[in-house]
Amino acid sequence: MSYKLCEDKEIQLPAMIGLDAFYLSHTSEIVDIPDQDSVDKFLPQYDPMYPLDIENPLSIGSLSMPHQWYSEFRYKIQEAMKRVIPKLNQIEEDFYREFGRKYTGPLELYNTDDAEVVLIVSGAAAGTVKETVDIFRKKGVKVGLIRLRMFRPFPSEELNKALSKASFVGVIDRSFSFGHEGAIFSELKASLYGVKHSPPIKNFILGMGGRDITTDTISRLYNNCFNCLKNDKIDNPVEWIDIKV
């Protein structure tokens, strides 16, 4: 799907696929690979917009000075970025019709419709959070999960809609922007800025370098959020979890 998205004539941008080190990179499982004819039907041979042609020479990737077209190049990249999410949704529908596998756009929502507390996470740790959500739900506690499937363009509109009913939001970051806070947390704060009745949010830093995240740890995060909600106060808006110092 990434090839189809990036090669689209209205996008023409590169993509980077993230893979959890020490989670997926050390895991073996059965992989269902579609047959070549189906793949070729879904993803036709690449047709470059600007092919190398000695009869029609072009200068590709050359330097542009600030007073020339540099700002315009940046502007066109941003305009293409605006088209990515609608195009992704369309491609995922095409993929589902061809292969029977359904995906959920830039976000995966799990029990968020009536959730009081929602945790946001990306990557393989979402599986552990799902298990924890099920544990809490069996006890009648309304919690939910949002798995971030895309970081750029950041799905601000989709997140605002998904969090419109939440009372409190915790953001799990497995990376850190030194001198500031977690990257996903920063983006979410910016997305919620100016939104009426947006929920309070807290940042949890854990799982760095592939350190294991358990359901017990996630349970503590949910309870931490409920305590903040109960006390109407966030003492530590960016909290490092299970640090050995």
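The values are calculated or read from the model by the stated rules, or taken from the named source; none is laboratory data. Since we're looking at a predicted model, the values are computed, not measured. Neighbour counts run over all protein chains shown; Cβ positions are idealised from the backbone, glycine included.
From the list Lys102, Lys142, Lys87, which one is charged (D, E, K, R) and surrounded by fewer than 13 Cβ atoms within 10 Å (Cβ to Cβ)?
Lys102
In region 9-32, what count of residues is obtained for those that are of a type in the set (D, E, K, R) and within 21 Å of the chain's Cα centre (by Cα)?
Number of matching residues: 1.
Kindly indicate whether Ala183 is over 23 Å from Lys230 (Cβ atoms) and within 14 Å of the chain's Cα centre (by Cα).
Here the answer is yes, as Ala183 does meet what is asked.
Filter region 157-180 for residues that are under 21 Å from Gly105 (Cα atoms), within 16 Å of the chain's Cα centre (by Cα) and surrounded by fewer than 17 Cβ atoms within 10 Å (Cβ to Cβ) and give the result.
Scanning region 157-180 gives Glu157, Asn160, Lys161.
Can you name the condition, by its number, that Ile60 falls short on among (1) among the aliphatic types (A, V, I, L, M); (2) without any contact (Cβ under 8 Å) to a residue 60 or more places away in the chain; (3) in contact with a helix residue (DSSP H, G or I) (Cβ under 9 Å, 6 or more places away or on another chain)?
Going through the list (1) among the aliphatic types (A, V, I, L, M); (2) without any contact (Cβ under 8 Å) to a residue 60 or more places away in the chain; (3) in contact with a helix residue (DSSP H, G or I) (Cβ under 9 Å, 6 or more places away or on another chain), Ile60 breaks only (3).
Just to be sure before I move on: is Pro199 more than 18 Å from Gly123 (Cα to Cα) and at pLDDT 95 or above in the structure I sent?
Yes.
Of the conditions (1) surrounded by 12 or more Cβ atoms within 10 Å (Cβ to Cβ); (2) closer than 30 Å to Met208 by Cβ; (3) of a type in the set (A, V, I, L, M), Met16 clears all except one; give me its number.
Going through (1) surrounded by 12 or more Cβ atoms within 10 Å (Cβ to Cβ); (2) closer than 30 Å to Met208 by Cβ; (3) of a type in the set (A, V, I, L, M) one by one, Met16 breaks only (1).
Have a look at Gly170, Gly207, Gly182 and point out the one that is in contact with a helix residue (DSSP H, G or I) (Cβ under 8 Å, 6 or more places away or on another chain) and at pLDDT 95 or above.
Gly170
Mind listing whichever residues of region 171-184 are in contact with a strand residue (DSSP E or B) (Cβ under 7 Å, 6 or more places away or on another chain) and either under 16 Å from Val129 (Cβ atoms) or of a type in the set (Val, Ile, Thr) (or both)?
Listed by number, the residues that qualify are Val171, Ile172, Asp173, Gly182, Ile184.
I need the full set of residues from region 168-214 which are assigned to a strand (DSSP E or B), of a type in the set (D, E, K, R) and either touching a residue at least 40 places away in the same chain (Cβ under 8 Å) or more than 22 Å from Glu157 (Cβ to Cβ) (or both), in order please.
Lys202, the sole residue that qualifies.
Report those helices (runs of 4 or more DSSP H) wholly inside region 1-117 carrying at least 2 residues which are under 30 Å from Pro199 (Cα atoms) and modelled with pLDDT of 95 or more.
Once the helices (runs of 4 or more DSSP H) in region 1-117 are filtered for at least 2 residues that are under 30 Å from Pro199 (Cα atoms) and modelled with pLDDT of 95 or more, what remains is 70-82, 84-99.
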